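Beneath this line is the structure, given in structure tokens, with notes to follow.
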Amino acid sequence: MSVAFRRESDEEHKEPRFELPIPAGPNLVTARGLALIDDQVRALEAQLDGLEGEEARAPLLRELRYWHTRQTTAQLAPVPEADVVAIGSRVGFRLNGRERSIDIVGHDEADPAQDRIAFQAPLAAAMLGAEVGERVDFGGRSEAIEILSAEPIPG
């Protein structure tokens, strides 16, 4: 049989396991986001305590490395001022004639389905630093967003 058709082991045919990607830029978090990161680390460490065998532990160890990195690089964003859009703000705005409200948070806390948007997302980035009553450019349109309210996220 030709060497080209010989398989040395199953290991050489597995997909490589890369580390989980870390978002570019600073790891700014809200107090809630920092607590969520800490909870995730504790949960993964608890799961690993009872597991044996490298194959079972490898995916959890990979995830734990990600969360440890996020935990050690976390920078707590200051509590935002009222009436100015910042990380940790709940923002009411009008876009395309429709009023919405979003929370601007760190990457690991973001959940668009729950209206929690990462601060580097285009919509949030367009509003950062704006004040209530101001209109900001978005999506290539001048003054597309009107800021209706900005307050620290409750609780």
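I'd like the carbon and sulfur percentage of the solvent accessible area for the chain, probe radius 1.4 Å, heavy atoms only, ligands and nucleic acids excluded. Please list the in-between numbers first.
Numbers: 5010 of 9860 Å².
Solvent-exposed carbon and sulfur of the chain make up 51 percent of the total.
With springs connecting C-alpha atoms under 10 Å apart, model the chain as a Gaussian network and identify which of D39, D115, D49 has the largest mean-square fluctuation.
The residue that fluctuates most here is D49.
For the chain, set up a GNM with springs between Cα atoms under 10 Å and report which of L61, L36, L123 has the largest fluctuation.
L61
Tilt of helix 31-49 relative to the longest C-alpha principal axis of the chain, in degrees (0 to 90, nearest 10)?
Computed tilt is about 10 degrees.
How far apart, in nm, are the 7 Å Cα→Cβ label points at N96 and A113?
Rounded to a tenth, the inter-label distance reads 2.1 nm.
Just subtract the alpha-carbon distance of E45 and A82 from 0.36 nm times their residue separation and send over the number in nm, one decimal. Walk me through the intermediate numbers first.
Details: separation 37, 0.36 × 37 = 13.32 nm, distance 3.82 nm.
Between E45 and A82, full extension yields 9.5 nm more.
Quote the relative contact order of segment 31-107 in percent (integer), defining contacts as alpha-carbon pairs under 8 Å separated by 6+ residues. Numbers along the way, then the final one.
Details: 59 pairs, mean separation 18.8, N = 77.
Here the relative contact order equals 24 percent.
Using a cut-off of 11 Å between beta-carbons, work out the net charge of the residues near D83 (Lys and Arg +1, Asp and Glu -1, D83 not included).
Around D83, the charge tally is -4.
Quick one: net charge of R94's neighbours, Cβ under 10 Å, K/R +1, D/E -1? It would help to have the intermediate numbers written out before the result.
Numbers: positive: R98, R100, R135; negative: E99, E146.
Overall, the nearby charge balance is +1.
Under a 1.4 Å probe, what is the accessible area of segment 42-153 per residue, stated in Å²?
Working: 6340 Å² over 112 residues.
Result: 57 Å² of accessible area for each residue.
I need the calculated FRET efficiency for the pair E54 and E143, taking r as the beta carbon distance and R₀ as 41 Å, to the nearest 0.05. Walk me through the numbers before you get to the answer.
Numbers: r = 57 Å, r/R0 = 1.39.
It comes to 0.10.
In degrees from 0 to 90, rounded to the nearest 10, what is the angle of the helix 54-73 Cα long axis to the longest principal axis of the chain?
So the inclination is approximately 30 degrees.
Using alpha carbon centroids, what distance separates segment 42-76 and segment 91-155, in Å?
33
Given the chain, what whole percent of its Cα pairs are spread farther than 25 Å? Show your work: numbers first, answer last.
Working: 5559 of 11935 pairs.
Of all Cα-Cα distances in the chain, 47 percent exceed 25 Å.
Kindly provide the GluC sites (Glu not before Pro) of segment 56-109 that DSSP labels as loop, not H, G, I, E or B, and whose Cβ sees at most 14 other Cβ atoms within 10 Å. Please report the intermediate quantities before stating the final value.
Values: sites: E63, E81, E99, E109; in loops: E81.
Qualifying residues, ordered by number: E81.
The values are calculated or read from the model by the stated rules, or taken from the named source; none is laboratory data. None of these values were measured; they are calculated from a predicted model. Please note: Cβ atoms are built from the backbone with ideal geometry, for glycine as well, and neighbour counts cover all protein chains shown. For the accessible areas, the whole protein counts, side chains as well, though only heavy atoms, and no ligand, DNA or RNA atoms are used. Shrake-Rupley method; radii C 1.70, N 1.55, O 1.52, S 1.80 Å.
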